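Down below is the structure, laid out as structure tokens.
The numbers here are math on the coordinates, done by the rules we state, and not lab data. If you're wondering where the values come from, they're calculated on a predicted model, not measured in any experiment. Cβ atoms come from the backbone with ideal geometry, glycine included; neighbour counts cover every protein chain shown.
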Amino acid sequence: MSRTPATPKKVGTLPVAGSDEQKRTNEIGMAIPVLDGCALAGKVVTADALLTQRTLAAYLIGRKAHYRSLRI
């Protein structure tokens, strides 16, 4: 059985500031842009261990949301 090397999973694209270019990114890079469109104040946002990031925690606190990171 041959194994192929793991390739980074890319889940979305974000615009590059000052350009028409699009940058591919993974779920860490997509979390905040996706949540920008949601009313988060007073809500609880759960995330898996991958999204246990200081930047995301600070963003959620700034939006008056609560968060729970799950490490399984």
For the range 12-70, just say rounded, prolate or oblate: build the C-alpha gyration tensor, square-root its eigenvalues into a ≥ b ≥ c, call rounded for a/c under 1.5, and beyond that prolate if a/b exceeds b/c, oblate if not.
-> prolate
Amide H within-cut-off set for Lys23, under 5 Å, with H built and near neighbours excluded | Leu14, Val16
The long-range amide H neighbours of Lys43, using H built 1.01 Å from N in the peptide plane and a cut-off of under 5 Å, are His66
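How would Arg24, Arg54, Arg63 line up from fewest to most surrounding beta-carbon atoms within 10 angstrom?
Starting with the residue having the fewest Cβ neighbours, the order is Arg54, Arg24, Arg63.
Let me check I've understood the local charge: for Ala41, count other residues with C-beta under 10 angstrom from its C-beta, Lys and Arg +1, Asp and Glu -1. What total comes out? Don't skip to the end; give the middle numbers.
Numbers: positive: Lys43, Arg63, Lys64; negative: none.
Every neighbour counted, the sum reads +3.
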